[in-house]
Amino acid sequence: MVKWWTILLTVALLSLLFIAIPVSYKGGKSKKELQLMFDEYVEKFNKTYKDRPDEYATRLQHFTASLEEIEQLNSMSRGPDAHKARYGLTRLSDMSKAEYKEVHLSDEKQKKSPHEYNRSWSRYKEQVKAEHLKQVGPAYSVRKKRAAASLNMTVDCWAQASPQNERVWAVVATRMGEPGVGGGVQGCLPAPPWKLNTKGVIGPVKNQGLCGACWAFSTIGTVEAMAAIKTGKLVPLSVQEAIDCATLGNAGCAGGDICLLLDWLYISKTAIVSAAEYPLRLVDGVCRLAKNATGVRIKTFTCDDFVGAEDKILEALATHGPVTVAVNALTWQNYLGGVIQYHCSGAATDLNHAVELVGYDLTAEVPYYIAKNSWGPEFGNGGYLKLAIGTNVCGLANEVASVDVV
């Protein structure tokens, strides 16, 4: 027998859906079709509000708005189908844009511009080069100059290149082959030795949940990778330590900044302990780091604005290791995969999130960076996304940080 409260609940839902809170959709689907789609969505993503009529109706409105945005973004995508960005329903599609921004895009807060840190990639390269020449002597320098002069840096170097990426590669080539940077790059830009699927360097994708600490997840992830490159062993490092302990304007789950975190770690000489020793809790807490703690420390770091100079980002990835970047992720709410080339502002004032760049692909029809996010493995492509190279897409070149560890 059907319970009376079940009938009442059904009537209440229908009233809210079709009378109290009107649903407007321009995509041609009827209200009944939208409700069926939404019920499938609720079931697929295990949402818990189906028996709460008010929230159910509100979430349906947000879901409908997401459908319209998805159609718009997909219609604006350009390029080969295999590479262009694809948008569809995700676990975030029932959020309003304001809620999405508040929950996921309020945590990267740039306190000062990169040049104020006075720690540029160019200066770092010169320092490394000088240290290298001290070790090998002047004779080696002469030999390297002769070798570099004899390099055949023509487009033949990348016979596989497409018209879209020849320009990017050619720019990079003119800046490569210098001694003392990652051993020197002879002519062509290689694939990073720590590519995405290389075990032992890049740790698993984490989920920051409702804690606004993308700045900590992305930066500690880069430090973790650099320590693995240095030692040959991947040890997960504590993000919670950065959330609880970092100062200088960093504020735990309320937000922080990638370069500001590195600055604090460098100035304070703080050791980053393992995640097992200081486990993730995803809430703000009192700093519990022991004074005599041992772990990974920052030897030096760089912080740059590479707008118009993304060849330096590629150079850092190819010769040094992963980097952390601040981005504008406003249009990532419904991202499924493919290369993001458009749809988001590149202005420094619009930065609201941070990710770790762990590699690139210059052989693709649309060359792209591989970015590791902190929204869990169900986001995008296993927790990763692809960002087009060369146009400061989503503002990724405004604030770029690299790090050396001891």
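Out of the residues in the stretch 205-237 that are among the polar types (S, T, N, Q) and not in a helix (DSSP H, G or I), which is surrounded by the most Cβ atoms within 10 Å (Cβ to Cβ)? The extreme case among them is Q208.
Quick check on the stretch 285-310: of everything there that is in contact (Cβ under 8 Å) with a residue 60 or more places away in the chain and in contact with a Gly (Cβ under 9 Å, 6 or more places away or on another chain), which residue is surrounded by the most Cβ atoms within 10 Å (Cβ to Cβ)?
E310
Scanning the stretch 338-366 for residues being of a type outside the set (V, I, T) and closer than 22 Å to V201 by Cβ gives a total of 8. Looking across the stretch 389-406, the residues that are more than 13 Å from the chain's Cα centre (by Cα), hydrophobic (A, V, I, L, M, F, W, C) and assigned to a strand (DSSP E or B) come down to V403, V405.
Would you confirm whether any residue within the stretch 204-217 is in the same structural domain as N381 (by TED's automatic domain parsing), more than 23 Å from Y124 (Cβ to Cβ), touching a Phe, Trp or Tyr at 6+ places or on another chain (Cβ under 7 Å) and basic (K, R)? Yes, the stretch 204-217 has at least one match. The condition (being at pLDDT 95 or above and closer than 25 Å to Y384 by Cβ) is satisfied by just one residue among T270, T324: T324. Each residue in the stretch 327-371 was checked for being more than 27 Å from T231 (Cα to Cα), small (G, A, S) and buried (at least 21 other Cβ atoms within 10 Å of the Cβ), and 2 of them qualify. A count restricted to the stretch 337-383 and to residues that are touching a Gly at 6+ places or on another chain (Cβ under 8 Å), outside any loop (DSSP other than H, G, I, E, B) and of a type outside the set (D, E) stands at 8.
Taken over the stretch 249-270, the criterion of being surrounded by fewer than 17 Cβ atoms within 10 Å (Cβ to Cβ) and either assigned to a loop (DSSP other than H, G, I, E, B) or within 21 Å of the chain's Cα centre (by Cα) (or both) is satisfied by G249, A254, K269. Meeting the requirement of 1 or more residues that are surrounded by fewer than 16 Cβ atoms within 10 Å (Cβ to Cβ) and at pLDDT 95 or above, the helices (runs of 4 or more DSSP H) wholly within the stretch 4-100 are 31-44, 53-76. Which of the residues spanning the stretch 39-73 are in contact (Cβ under 8 Å) with a residue 40 or more places away in the chain and among the aromatic types (F, W, Y)? Y41, F45, Y56, listed by residue number.
The values are calculated or read from the model by the stated rules, or taken from the named source; none is laboratory data. Remember, it's a predicted structure, so these values are computed and weren't measured experimentally. Methodologically, a virtual Cβ is constructed for each residue, glycine included, from the backbone with ideal geometry; neighbour enumeration extends over all protein chains shown.
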